[in-house]
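Report on the structure given below.
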Amino acid sequence: MRDLIDKLTERHTLSRDEFKTLLACDSPYLYERAREARRQVYGSRIFMRGLIEITSYCKNNCYYCGLRRDNTNAERYRLTGEQILACCKAGYDLDFRTFVLQGGEDDYFTDDVLAGIVREIRTAYPDCAISLSMGERSYESCRRLFDAGADRYLLRHETADDAHYSALHPPEMSLVNRKKCLWDLKKIGYQVGCGFMVGSPGQTLDHIVEDLLFIEELKPAMVGVGPFIPHSSTPFACEKPGSLRLTLNILAILRLMSPNLLIPATTALGTIDGAGRELGVQAGANVVMPNLSPAEARKKYLLYDNKICTDESSAECRFCIQNRLKSIGYEIAVSRGDYISHEFA
Ligand code: 5AD
Ligand code: SF4
Ligand code: FES
């Protein structure tokens, strides 16, 4: 196993079979090499992003997600521009230098509305990065938002396998369109993030290998990977959650594939295991994304059951994360935390 891990460390890629072997392995050496690779680029500094969940309305119907339109139990809300700016203000004072506006696909947020908000944040916080995570939008829409001042766009591809994509989404959604959006975002000039869930229903190790190969091709700046967690009011209510070990292996493999990659230790990872985010950092992640949403919003933005941080304030999460990182020997960087461009492989 050490040979294979050393090979990935040196060459940044492997054959399909070799990737499969590493995905299934149980070797602390994988995490050691991943930490070392990250340390060479980023030292012991972890980047922080403030997540602002701006709308729980969604016109889509992804089978796995608690915000899907057919979930009539979900409480819906959307934040006003004023509320979003207030979150940024609170966030800035708590050392955040990246704001991530995330939401379901909500037609209320037209290009004019969203570009207006982005422009206001851009003007008020010229030293901060603005990330959007608002689902699939048209090329023109993404270009307008970029011109308004957005720097980054997160759009998980969810799975790189067509049949698996169809098992997770209703027929009106397509992997072809999802991938086209990601390529469009890159063309426009965004730092792009893709990603997927671990252990989503029907997922196999071969699917995950396809995800890794797609990531190799797209060369994103960020990759978000977290365990699938069932939500009780979705078609996948009775499915089992994704595995901690497999998620950590994927984070470490991604780090070795691309030492500069921005890799979050996700909230979902912190939900399936009390120490999940720390373990994620110890497997090679270098980004944390504490919640900056207002108290009323947090309890309503439920993609999956038992989500953490719904009762805490922005300040509580900010310092909770700092303490957690400190306990394992890392510190938070007060910085935008931009992607350092390099040859991917
Ligand atoms: N469990 C884990 N992650 C989920 N997401 C949506 N629903 C779930 C779930 N049940 C993830 C998707 C989406 C991101 C915003 O959250 O990957 O892209
Ligand atoms: Fe909507 Fe995103 Fe949830 Fe799909 S994953 S239902 S697009 S919020
Ligand atoms: Fe929210 Fe710990 S990060 S409570």
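The values are calculated or read from the model by the stated rules, or taken from the named source; none is laboratory data. Remember, it's a predicted structure, so these values are computed and weren't measured experimentally. Every residue, glycine as well, gets a Cβ built from its backbone with ideal geometry; the counts of neighbours run over all protein chains shown. Ligands, DNA and RNA are excluded from the accessible area calculation, which covers all protein heavy atoms including side chains. Shrake-Rupley method; radii C 1.70, N 1.55, O 1.52, S 1.80 Å.
Remarks
- Test set (1) over 19 Å from the mean Cα position of the chain (by Cα); (2) crowded, with 21+ Cβ neighbours inside 10 Å; (3) within 14 Å of ligand 1 (Cβ to nearest atom) - Ser56 fails condition number: (1)
- Which listed residue is open to solvent by 50 Å² or more (accessible area, probe 1.4 Å), within 16 Å of ligand 1 (Cβ to nearest atom) and not small (Gly, Ala, Ser), from Asp93, Asp70, Asp112: Asp70
- Hey, Thr159 of a type in the set (Val, Ile, Thr) and farther than 23 Å from Leu262 by Cβ or not: no
- Filter pass, Ile321 being within 27 Å of Gly104 (Cα to Cα), of a type outside the set (Gly, Ala, Ser), within 16 Å of ligand 3 (Cβ to nearest atom) and assigned to a helix (DSSP H, G or I): yes
- Residue check, Tyr63 within 16 Å of ligand 2 (Cβ to nearest atom) and surrounded by fewer than 21 Cβ atoms within 10 Å (Cβ to Cβ): yes
- Selected residue (only one of Glu140, Glu172, Glu136, Glu217 is open to solvent by 10 Å² or more (accessible area, probe 1.4 Å), away from ligand 1 (no atom under 16 Å from the Cβ) and closer than 30 Å to Cys238 by Cα): Glu172
- Contacts under 6 angstrom Cβ, first residue in region 1-18 being under 20 Å from Asp211 (Cα atoms), partner open to solvent by 60 Å² or more (accessible area, probe 1.4 Å), 6 or more apart: His12/Ala345; Thr13/Ala345
- Remark: pairs (first residue in region 85-96, assigned to a helix (DSSP H, G or I); second residue open to solvent by 60 Å² or more (accessible area, probe 1.4 Å) and among the aromatic types (Phe, Trp, Tyr); Cβ separation under 7 Å; 6+ apart in sequence or on different chains) are absent.
- Ile340 being more than 16 Å from ligand 2 (Cβ to nearest atom), part of a strand (DSSP E or B) and in contact with a helix residue (DSSP H, G or I) (Cβ under 8 Å, 6 or more places away or on another chain): no
- The numbered conditions (1) part of a helix (DSSP H, G or I); (2) open to solvent by less than 10 Å² (accessible area, probe 1.4 Å); (3) within 16 Å of ligand 2 (Cβ to nearest atom) are all true for Gly193 except (1).
- Filter pass, Asp26 being open to solvent by 10 Å² or more (accessible area, probe 1.4 Å), of a type in the set (Asp, Glu) and within 13 Å of ligand 2 (Cβ to nearest atom): no
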